[in-house]
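In what follows, a structure is listed as structure tokens, so that the remarks can point back to it.
Please treat every number below as a calculation from the coordinates, not as lab data. Small disclaimer: the values here were computed from a predicted structure and weren't measured. With ideal geometry, Cβ positions are generated from the backbone for all residues, glycine too; neighbour counts draw on all protein chains shown.
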């Protein structure tokens, strides 16, 4: 409040009559001295409050002359109040004066206040400060706007905090950009590593195959030389070469298996087998080595075990051979044992193969290392006993592919026990269809053409070898077969003619399931049978949900195929025999002459695919192709094709694979197929 305002109030009090007292008598007027004393007290109180406000307060007139300023404002610019009062604000603080004058005039001319106006200024001692200013009109006794009153709050610390926060946010954003860039680089590196790993696996598989041919020649000729009359020194040299070549061949085979597993190219075939047969084969192969070392070979099997169970016998035998070979390598005295017995875990029946030895044993802290690739528990054992360090790594991966796992119990100096634990039954193979398949093909009549049913079958398949094989089997059984490769072709055939059964066998499981659902929507009564390589219960259930009546798991035997078809077509056959369906096709024999040219035209495609599997050393697929060619030769009355394919099939199944011998069989078969396709 200004001094003029106080004078005005004092004059008004002098003119007004004295207020009556409480007892009805008027108050006695105060003396000038009393009024002056009271005014001085009010002014002192005003100045105390004015200077105590923690904000800057400026009074200035229309020209910018500073009329009043509080202590906070004086301190903020580093001057005293006496130095400020009476000075022109715009001349005293030229920095920003133009903008300050503009805002002051806006308040003076409009009579409207301005709130929350940020401003930066520099103090007399060159310090930069920030304030948040509020301008209100300053009126004189007549009510006219005589200037402005500026209230300014120092926000320098808040502004600094804001700048720090903005800087911190910028740093965070930069860090996020760096993290995103690092994550992208890591993703690219991971993709490159994956590609490189696949390339490495392909390279190892190719080189291992190329190396085995000369290695087999070396081993073969050393064996020939061992039979020749040589001096003792020469015999020693030959034996050393033979042992070294065998060791190198073992290394090559291990690398080949390992690269196949890493590349996901290892084929697993789950079939019914006898655990006693597998163990006996391992014993027969290793017994000579056991005797040479003077060890005892113990084989035990629990009599309560079922006689057969489902697994891949070849891969299980490979795992057991790896474990027994390891046991023999590190055991000098005592025994090596294979024990087989059942156990139950988490309510699931399992079969356990323990390979026990009385050898060196492994320290607890090193037991996990033995399953790493190219690693052994102790470097000294590698120098003394040799080996690649791949055997246990391969075994662990193989047993995982069979749905099981491997365990180790060992104590240094007392020996080790490696345990292979597998599911005792793989139910997917036993329950692949609504009608359990028969294992023995002898249960189907020897003459395929009299399986007891007739009908039209639509075969939707895009797998060349399987397509030919199934086509032959169905035609031999007297069924009319129409083959299509795609979904569009299948619906076109269904629109043109009626079929009694649809058989689906596509490369993509997802496409097969979708096609099954579309076919079921088209005809809810049409029998649909799916063939898949996935033996899991989950996939079988998904096919059933999609609308399939039955699911077969590859490789499908002739007995399984005929039993499944018979279950759906037998009723129709009975009705046809009774004469209720005169339009049904009559049973006819397979017409080899009519179909021979069409089937032989597929020979080049079939051999092209077969040679791809040969290049990958996929012996399982080679055996499957050879079986198809046997059936094809028989059906097309090409005995030379059947005989040559049978030679390859027998060689793959019954002998240890020798690369040069295998190459001879494959090339001769390929040449014959080329001649037949050209009509020679």
Relative frequency of Cα-Cα separations exceeding 22 Å in the stretch 599-677, percent: 13 percent
Mean projection of the alpha-carbon convex hull of the stretch 232-355 over all orientations, in nm²? 10.2 nm²
Length added when fully stretched, residue 119-residue 144, from 0.36 nm per residue minus Cα-Cα: 6.2 nm
Over the stretch 599-677, what is the relative contact order in whole percent, taking alpha-carbon pairs under 8 Å and six or more residues apart? 35 percent
In nm, spacing of pseudo-spin labels at residue 495 and residue 554 (7 Å Cα→C-beta vector): 2.9 nm
I need 494, 158, 459 ordered by Cβ neighbour count within 10 Å, fewest first. 158, 494, 459
Residue 110 to residue 185: FRET efficiency via 1/(1 + (r/R0)^6), r the Cβ-Cβ distance, R0 45 Å, to the nearest 0.05? 0.15
Quick note on 275, 405, ordering by fewest other C-beta atoms within 10 Å, gives 405, 275
Apply 1/(1 + (r/R0)^6) to the Cβ-Cβ distance of residue 98 and residue 41, taking R0 = 41 Å, and write down the FRET efficiency to the nearest 0.05. 0.45
Find the centroid of the Cα atoms in the stretch 87-150 and in the stretch 497-521, then give the distance between the two in whole Å. 86 Å
Neighbour-count ranking for 45, 281 (other C-beta within 10 angstrom, fewest to most) reads 45, 281
Quick one: Cα convex hull volume of the stretch 53-154, Å³ per residue? 91 Å³
Within the stretch 223-260, the residues whose backbone N lies under 16 Å from a label point placed 7 Å from the Cα of residue 660 along the Cα-to-Cβ direction are 223-226, 242, 245-246, 249
